[in-house]
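Inspection log for the structure reproduced underneath, given as structure tokens.
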Amino acid sequence: MTRVAISSIPAGEFKAKCLKLMAEVQRTHQPLTITKRGIPIARLVPLDEQNKSLFGYMQNSAEIHGDIVEPIDVTWDAMS
């Protein structure tokens, strides 16, 4: 059964069918505008896919050139 996506709904009807409409928005990925007396007051939108962890998000974005462990041949003073 193909269902036509609802683009807007009155607040009273949304209140009565909230959970069902949330599931519909999640399934169809189509936003739903909630109106009060014909004026848009809120929008129910689907979330993006699961947010990726910040841990490791820059993986493989840097390159190491040369030896990063051995001291350099330049004498320097941290106080100058």
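Among the trypsin sites (Lys or Arg not before Pro) within region 12-80, those in coil by DSSP and having at most 15 neighbouring Cβ atoms inside 10 Å are 37, 52. Structural descriptor for the chain: relative contact order 22 percent, calculated from alpha carbon pairs under 8 angstrom and at least 6 residues apart. Restricting the calculation to Cα atoms, the chain shows an Rg/Rh of 1.51 when the hydrodynamic-style radius is the Kirkwood one. By how many nm would the segment from residue 23 to residue 62 grow when fully extended, if each residue of separation counts as 0.36 nm and the alpha-carbon distance is taken off? Extending this stretch completely gives an extra 9.9 nm. To the nearest 10 degrees, how steep is helix 11-28 against the longest Cα principal axis of the chain, on a 0 to 90 scale? Orientation of helix 11-28: about 50 degrees from the principal axis.
To check you understand DSSP bridge types, tell me what percent of the beta bridges within the chain (both residues inside) are antiparallel, rounded to 5. Of those bridges, close to 60 percent are antiparallel. Could you tell me how far the Cα centroid of region 6-21 sits from the Cα centroid of region 22-80, in Å? Measuring centre to centre over Cα atoms gives 31 Å.
All of the numbers you see were taken from the coordinates with simple rules; none came from a lab. Note that the structure is a prediction, hence the values are computed from the model and not measured. As a convention, Cβ positions derive from the backbone with ideal geometry for all residues, glycine included, and neighbour counts pool all protein chains shown.
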